């Protein structure tokens, strides 16, 4: 580079960037500053209050219950069973029959009372791992939106955040940097000599702002699991002890959690690693968000090949799934080659490609920037049509997911499904 140009750059750049090396202490300080700023950002976005679930009017409640508005109003007036809200709040709150409002928990109670039960009694809940080892594919938003849509069908859902970035935890209004490692999945990975080590997950489950969804949150500390798991496996092998690193989450879920929830949704980091293998081995089904972009399509091919090679190379044993599906995500038909790549996806994935496409809409982007999803929105600043298009897409995706699960996990005949 010309010396004059170098001198010019040196004059413009900060002195520290030119003259100092960056130490781990500098990086630690940067992380701490950003954690504080993240907490301030959330306080600004949520106006200093905790996240709140949306409320529903009678028309929306009717949609959730699979009824017309007139049918719903008759049910509300008659009272289907004791304890169900009629949506008429106190006069001091401006309540009237014309202005019925239902909290999320009240709406879900009506859904459970009016729709067919989903999971047959005595069967465990279904575990779905949302995975892709490439970032930026809308994995976390898909996992969160799927959980919310399932809860609006009356299901009880557990979300497990397996990503050290804690993006799903952030969507629930938490700050990953402030979550104790003992309240995450990390204790499952740790050596027995650790004070917080355990083989159960119940202690890490917490309620959330969204009725019907509980959460096992994540913190940055769970990245340590990538070191603990292979070390424990090596030590067990050397001692001739029985230990399967890939089975730690599966065993934890078997200890009563699968009976407690209808669906367990696991959000994973963008990697195919020791920790991710535990989520895949615990899963009844795999969901892969896949944007119709060339690099994402190629990456997905590598994902499945590496998954097969890792399971064989590590001698993990036989594993099958009730269903595997790739969902076209962030789809924008105005982009060049989108239609062509969607054809590639259909040709390669066949029946494993969902019929539903998730559009790349402004509504999804705007709500993601506010640590929310389209299901959190009651009033949208943009086009109502745009919001409806995004929400309808997730509704249809979850209809597909639920149909496949009822048919292939719970073995419910198609004739008995709604």
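Worth pointing out:
- Ordering of 390-398, 299-307 by packing [mean C-beta count within 10 Å, highest first]: 390-398, 299-307
- Projected label distance in nm at residue 223 and residue 59, using a 7 Å step from Cα toward the beta-carbon: 4.8 nm
- Estimated inter-spin distance, residue 305 and residue 199, nm [label 7 Å along Cα→Cβ]: 3.8 nm
- Spacing of the modelled spin labels on residue 243 and residue 336, each 7 Å from Cα toward Cβ, amounts to 5.3 nm.
- Paramagnetic label reach from residue 191 (point 7 Å along Cα→Cβ; backbone nitrogen cut-off under 13 Å): within region 226-240, residues 227-236.
- Tensor-based shape of region 121-203 (alpha-carbon gyration tensor, a/c under 1.5 rounded, otherwise prolate or oblate): oblate
- Region 228-275 and region 49-68 have Cα centres separated by 37 Å.
- The listed peptides 130-140, 204-214, ordered by packing as a protection proxy, come out as 130-140, 204-214 (highest mean of other Cβ atoms within 10 Å first).
- Mean-position separation - Cα centroids, region 105-157 and region 162-193, in angstrom: 21 Å
- Options (i) 35, 28, 21; (ii) 37, 29, 24; (iii) 28, 26, 18 - which one matches semi-axes √(5λ) of the Cα gyration tensor in Å as calculated here: (ii)
- Computed over the chain, the per-residue total of -39500 (n - 2.57) for DSSP H runs of n ≥ 4 gives a 222 nm mean residue ellipticity of -13500 deg cm²/dmol, rounded to 500.
- Compared with the dominant principal axis of the Cα atoms in the chain, helix 3-12 is inclined by about 50°.
- Protection proxy ranking, highest mean first, for peptides 70-78, 271-279: 271-279, 70-78, where packing is the per-residue count of other beta-carbon atoms within 10 Å, averaged.
- Which of 59, 356, 386 has the fewest Cβ neighbours within 10 Å, and the rest in rising order: 59, 386, 356
- Share, in percent, of DSSP beta bridges within the chain that are antiparallel, nearest 5: 10 percent
- With Cα atoms, 0 to 90° folded angle of helix 139-151 axis to the chain main axis: 20 degrees
- Cα long-axis angle, helix 338-349 against the chain (0 to 90 degrees, to the nearest 10): 90 degrees
Any read-out appearing in this document is the output of simple, stated calculations on the displayed coordinates, not a laboratory observation. Just so it is clear, the structure is predicted and the values come from calculations on it, not from any experiment. With ideal geometry, Cβ positions are generated from the backbone for all residues, glycine too; neighbour counts draw on all protein chains shown.
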